[in-house]
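Notes follow the structure.
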Amino acid sequence: MSTVKPLARTGPDDYRAAGWWRDETILHDLRRWAALHPDKTALICYSGARAESVGYGELARRVDRLAVGLLRLGVRRGDVVTLQLPNSWELVALCLAAARVGAVAGPVVPNMRRREVEFMTRLTASPVYIGAAELRGFSYARMSEEVARAVPTLRHRVLLGGSGEGSGGALDFTDDLYAPEPDPELLAALEGLEAGPDDAAQIMFTSGTTGEPKGVVHSHNTLYSMNRAQADVLGLTAHEVTAMGSPTTHQAGFTWNFVMPLLLGATAVQVDRWDPRQMLRVVQEQRVTFFMGAPTFLSDLIDAQREDPHDLSSLRSFATGSAPIAPLLVEDADAVLGCRVYALWGMTENGCVTVTRPEQPPLRAAESDGTPVPGMEVRIVGRHGGPVRPGETGLLQVRGSAQCVGYFRRQEVYRASVTADGWFDTGDLARDDGHGGIRIAGRVKDVIVRGAENIPVVEVEAALLRHHAVKDVAVVGYPDQRLGERACAFLVTTDPALGLPELRDHLAGLGMARTYWPERVEQVPALPRTPSGKIQKFALRDRLRT
């Protein structure tokens, strides 16, 4: 890749001059690798135990076939193609095919149901829904029929894996979309329709766990910037075999295990469901070198490897974020999996913004959320926008070449989150980590105020994770008449008898202020999480209210 220059200013011309934006799209990357290495494996897709490999040349052909199919369904430039599919070659190829016709990929995680899918398709005026007929006992055929009745623009439903019960006039993926021999005239027409580098590439909805979901719009260039930067920082190359446990319809999966490996000309392993024991077999069989996922995925793999060891000698790196990382987890990853852990922070709106570095001590991943990647800037400000003292917690703001271009049809909401000089308010609290990076201190909405004292939630969680019996933790506030709020620690542990006295002794031994200690403990078998592994604290708060 070309050499890039540091950013002096922020804007499209500056991003291009510095090399973080370009005049190509990921379709150019696909065609480049298809011409240079047509037989190199682009994708290895697992459906259960069955694996299918797709080379770069074959992937390019499948993308063209699907692009022609989308044209025949009437999809036009700017249309949003709703894609609710499990990890598969079909999902990857459809995202690329949408760009081939100048349309926009609209990935939807499979656990979204009628209410959410109806909201998303109505907001985007999507003309096409493409999903599995049935998956894990749930009928997407029936659900999508209900959505189509409620959303007038949704002209076509295309189902993969059979029409399914309640298909109600849905089209079949193979028969009606994936044309075996593309019409030559339509194939030629694609050349004049293809999306450009500054066109919208993706509308990815936020989880909506605390309010109405927002459709984050990324261009081909903002996606290029975030994926180029994270690959450069971690030294990833065309020789990588990547894998992860998250759905590709989530931003983490979309970038780390679809766009980034395709940009590099590497190989991506797509697994349709999370099973740590199967994933160990996949890592061994496919010689996976790089893995990305939330700390819970890393913990699952460590536990599974201890129970049933596999040859994981190919695995070098595991990038993780979205929750504090225990020092023991970093050490176990090295001892049990043989890989190095990197901590990162990012959002749907901007991808990976900060990450720890290979040249730093390995345990830095348990102490920091990393330093900014090239092309991105971060700053920590007080409530009124002024600077904070060193080590003081404040509002985290970011700007740069990977920042999204807005919220679909909710630009007033997006503008309210951006300062006059382009800084995006992330809604996260952070402090300087003392090494030129940041340490996330929690969400603004997650702050617990106990008797006018702010409790540093993430720091408390990180301290609790240092207890040998604590596997997972979430600290949330609950109402208190005298103090306003108190803190409750939800724990996943290996010791059912672990209680408040033992945890207080543990925190006292670490020298943590008594006012920060949880005043209630709830042991649970697992914490509620989004498909990407983020803890759904709203569900825990609801549990405390009942």
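Quick notes on this structure:
- Amide H to amide H, with H built 1.01 Å from N, G245 comes under 5 Å of M292, counting only residues 5 or more places away or on other chains.
- Across segment 429-441, computed HN-Hα scalar couplings (Karplus, 6.51 cos²θ - 1.76 cosθ + 1.60, θ = phi - 60°) run 9, 8, 9, 5, 7, x, 10, x, x, 10, 10, 5, 10 Hz from first to last residue, x flagging Gly and Pro.
- Counting Lys and Arg as +1 and Asp and Glu as -1 over every other residue whose Cβ lies under 12 Å from the Cβ of V233, the net charge comes to 0.
- Ranked by the mean number of other Cβ atoms within 10 Å per residue, highest first, peptides 168-175, 413-420 order as 168-175, 413-420.
- Other residues whose C-beta falls under 15 angstrom from the C-beta of A42 contribute a net charge of -2, scoring Lys and Arg +1 and Asp and Glu -1.
- For segment 27-195, the equivalent ellipsoid derived from the Cα gyration tensor has semi-axes of 26, 19, 13 Å, listed largest first.
- Label point distance in nm, S53-N111, each placed 7 Å from Cα along Cα→Cβ: 3.3
- Signed unit charges on C-beta, dipole axis of the chain, positive-most listed residue T356, A188, P38: T356
- Stretching A17 away from S139 to a fully extended chain increases their span by 39.0 nm, per 0.36 nm per residue minus the current alpha-carbon distance.
- Peptide packing: for 17-28, 224-235, 501-512, the average count of neighbouring Cβ atoms within 10 Å per residue gives the ranking 224-235, 17-28, 501-512, highest mean first.
- Residue-span extension gain [R410 to Q284] - 0.36 nm each, minus C-alpha spacing: 40.8 nm
- Only helical runs count toward this figure. For the chain, summing -39,500 (n - 2.57) over DSSP H runs of n ≥ 4 and dividing by all residues gives -8500 deg cm²/dmol at 222 nm.
- Gain upon complete extension [H435, R61; 0.36 nm per residue less C-alpha separation]: 129.9 nm
- Percent breakdown of C-alpha pair distances by 10 Å bin, ordered from the shortest bin, for segment 450-545: 15, 51, 31, 3
- The local environment of I325, defined by Cβ-Cβ distances under 12 Å, has a net charge of -3 under the rule Lys, Arg +1 and Asp, Glu -1.
- Volume per residue that the Cα convex hull of the chain spans, once the total is divided by residue count, Å³: 157
- Overall, the chain carries a charge dipole of about 1040 debye about its Cα centre when +1 sits on the Cβ of Lys and Arg and -1 on the Cβ of Asp and Glu, all other atoms neutral.
The numbers here are math on the coordinates, done by the rules we state, and not lab data. Remember, it's a predicted structure, so these values are computed and weren't measured experimentally. Cβ: placed from backbone, ideal geometry, glycine included. Neighbour counts: every protein chain shown.
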